[in-house]
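Novice: Let me give you the structure first, and then I'll get to my questions.
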Amino acid sequence: MAARACIVAGERALRLFANAEAAGLAERGLRHVARLPEAPEKLVSRIALLKIRVLAATGPGLRSLPPIEDAIADATTAAEEQGLQAAAATGHYLLSILHQQAGQIEQAEASTLRAAEIGRNADRKIQAHQLANTARCLLELETEIARARELIAEAGDIAQSLGTELCELHWASGLLERWDGRQAQAAVYLARSLALARRSEDRWREYKCLTWLATLHFEMARYADMHARCEELRSVAARIGEETPFVDALQALAALMTADDAADEALESALARLRAADDKSYLAYALNSAASFYCRAGRMEQVRLHASEALTVAAKIRRRCEIAIAKALLSAAANSSSAPEIDDDCRASIALEDFSARARAVLRHPPEPARRVPTAAPTPGLQT
């Protein structure tokens, strides 16, 4: 009873942005669960509490996740052995979050694919949710995109047959539209996923969808919309006592694009905090975005500094799109006409269609250094 109370209270705390309280309740619940006799209910409760503990540490401030990977892995394995498909799928989903945050791409991919496989044995709504969740994770990891398309289609068929809407499905669909370069449709899907997350008071998905919308608006040069989403994220972060280094980086980048003289210093400050948070995916993206602007502005030394770091960071997490963009920018900075190459250990395929629309635009048309600092909005295809 005490463990169940901690689950209910912890989930409520997450809905109220009380993440510290949610983490404390999860820890207390786990202590109660540890004293329970072995039974399926014990495993289900343990995984539910571990989920609260992970989500309590996952917000717009990029705080470090707790070191509970082994506990989640053990509980997930036990759930699989006992045929608790829903609990096991949740466990693999939590592992994918931990691996993704740590930049462990292969492990994250394996965990999310395993979650989808197990989820097929659950009821149809859970199955659709897990398939969409796996597709979303693959798209965020920039891997197995063809597989992600299949999973989105399959989840969509199930959701349509059930007459239900799924936040995760709209989210994944939005990311796929962005990958394909259909930004306007991506914004529609992501806005709907945000609305569904808020309706269910799912704060983690709210943070993530807000962040993706802010990023998408930045790429579309819709800076007023981007700033509005950033301020929403900043407000959420303030309620749970977090900082927002990626939000700050986006706003500094937008200031660069609009020729704000103070933007350089603000950007370097935000980049320093992103490095401290050790979120390599956001850092690589921000560094490449800065390098792209500096290339158009003719500031080649800044291009080399930022693109070189982006290449190093992206290689560590095997993000081939960011790797390709960084190499194209470095090639442009060196005034080389040769096409950038992709390292063998970082590629799944060298086919151009295997890259996102954002990366393809840079690979097809590397930015040319301008003779003066641009004052107009950047070319959408090169706004990386």
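Novice: Can you pull out the residues in the stretch 1-36 that are within 12 Å of residue 55 (Cβ to Cβ) and either touching a His at 6+ places or on another chain (Cβ under 6 Å) or open to solvent by 40 Å² or more (accessible area, probe 1.4 Å) (or both)?
Specialist: Passing the criteria: 11, 15.
Novice: Checking residue 52 against (1) touching a residue at least 40 places away in the same chain (Cβ under 8 Å); (2) open to solvent by 20 Å² or more (accessible area, probe 1.4 Å); (3) closer than 30 Å to residue 246 by Cα: exactly one of these is not met. Which one?
Specialist: Unmet for residue 52, out of (1) touching a residue at least 40 places away in the same chain (Cβ under 8 Å); (2) open to solvent by 20 Å² or more (accessible area, probe 1.4 Å); (3) closer than 30 Å to residue 246 by Cα: (2).
Novice: Could we say that residue 100 is touching a Lys or Arg at 6+ places or on another chain (Cβ under 6 Å), crowded, with 19+ Cβ neighbours inside 10 Å and either free of Cβ contacts under 8 Å to residues at least 60 places away in the same chain or part of a helix (DSSP H, G or I) (or both) here?
Specialist: Here the answer is no, as residue 100 does not meet what is asked.
Novice: For a quick check of your reading of the model, give me the residue pairs whose first member lies in the stretch 14-42 and is under 21 Å from residue 203 (Cα atoms), whose second is surrounded by fewer than 17 Cβ atoms within 10 Å (Cβ to Cβ) and modelled with pLDDT under 95, with beta-carbon atoms closer than 6 Å and at least 6 apart or on different chains.
Specialist: 15/201; 17/239
Novice: Restrict the check to the stretch 347-359 and report whether at least one residue is part of a loop (DSSP other than H, G, I, E, B), within 26 Å of residue 223 (Cα to Cα), modelled with pLDDT of 70 or more and among the aromatic types (Phe, Trp, Tyr).
Specialist: Checking the stretch 347-359: at least one residue is part of a loop (DSSP other than H, G, I, E, B), within 26 Å of residue 223 (Cα to Cα), modelled with pLDDT of 70 or more and among the aromatic types (Phe, Trp, Tyr).
Novice: Also: Within 18 Å of residue 231 (Cβ to Cβ), part of a helix (DSSP H, G or I) and open to solvent by 30 Å² or more (accessible area, probe 1.4 Å): does that describe residue 251?
Specialist: In short, yes.
Novice: When only residues in the stretch 120-138 that are open to solvent by 10 Å² or more (accessible area, probe 1.4 Å) and part of a helix (DSSP H, G or I) count, which is nearest to residue 89 (Cα to Cα)?
Specialist: 130
Novice: List every residue pair whose Cβ atoms lie under 9 Å apart, where the two residues are 6 or more positions apart in sequence or sit on different chains, the first residue falls within the stretch 258-271 and is in contact (Cβ under 8 Å) with a residue 12 or more places away in the chain and open to solvent by 70 Å² or more (accessible area, probe 1.4 Å), and the second residue, located anywhere, is of a type in the set (Asp, Glu) and in a helix (DSSP H, G or I).
Specialist: none
Novice: In the stretch 153-167, which residue that is polar (S, T, N, Q) and farther than 10 Å from residue 125 by Cβ is least open to solvent (accessible area, probe 1.4 Å)?
Specialist: Restricting attention to the stretch 153-167, the residues satisfying the condition of being polar (S, T, N, Q) are 160-161, 164.
Checking which are farther than 10 Å from residue 125 by Cβ leaves us with 160-161.
Details: 160: 146, 161: 77 Å².
Among those residues, the one meeting the criterion is 161.
Novice: Now for a different question. Only one of (1) surrounded by fewer than 22 Cβ atoms within 10 Å (Cβ to Cβ); (2) more than 17 Å from the chain's Cα centre (by Cα) fails for residue 318. Which number is that?
Specialist: All conditions are met except number (2).
Novice: Mind checking which pairs have a first residue in the stretch 133-152 that is closer than 17 Å to residue 120 by Cα and among the polar types (S, T, N, Q) and a second that is at pLDDT 90 or above and buried (at least 19 other Cβ atoms within 10 Å of the Cβ), Cβ under 6 Å, 6 or more apart or different chains?
Specialist: 133/168; 134/151
Novice: Shifting gears a bit: Need a quick list: helices (runs of 4 or more DSSP H) entirely within the stretch 16-90 having at least 1 residues that are under 26 Å from the mean Cα position of the chain (by Cα) and farther than 20 Å from residue 107 by Cα.
Specialist: Once the helices (runs of 4 or more DSSP H) in the stretch 16-90 are filtered for at least 1 residues that are under 26 Å from the mean Cα position of the chain (by Cα) and farther than 20 Å from residue 107 by Cα, what remains is 19-34, 40-56.
Novice: Residues that are under 26 Å from residue 108 (Cα atoms) and of a type outside the set (A, V, I, L, M, F, W, C): list the helices (runs of 4 or more DSSP H) wholly contained in the stretch 261-339 that include at least 3 such residues.
Specialist: 280-296, 300-316, 320-333
Here is a yes/no grid of residues against (1) touching a helix residue (DSSP H, G or I) at 6+ places or on another chain (Cβ under 8 Å); (2) modelled with pLDDT of 90 or more; (3) of a type in the set (Gly, Ala, Ser):
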site: 31; (1), (2), (3): no, yes, no
site: 43; (1), (2), (3): yes, yes, no
site: 46; (1), (2), (3): yes, yes, no
site: 57; (1), (2), (3): yes, no, yes
site: 68; (1), (2), (3): yes, no, no
site: 94; (1), (2), (3): yes, yes, no
site: 99; (1), (2), (3): yes, no, no
site: 103; (1), (2), (3): yes, no, yes
site: 107; (1), (2), (3): yes, no, no
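Novice: Quick check on my filter: what residues within the stretch 175-231 are β-branched (Val, Ile, Thr) and either modelled with pLDDT under 95 or closer than 28 Å to residue 10 by Cα (or both)?
Specialist: So in the stretch 175-231, the residues β-branched (Val, Ile, Thr) come out as 188, 211, 215.
Within the stretch 175-231, just 211 meets the criteria.
The values are calculated or read from the model by the stated rules, or taken from the named source; none is laboratory data. Predicted, not measured: the structure shown is a model, and the values here were computed from it. Counting neighbours? That spans all protein chains shown, and the Cβs are built from the backbone with ideal geometry, glycine included. In case anyone asks, the SASA skips ligands and DNA or RNA and just uses the protein heavy atoms, side chains included. Shrake-Rupley method; radii C 1.70, N 1.55, O 1.52, S 1.80 Å.
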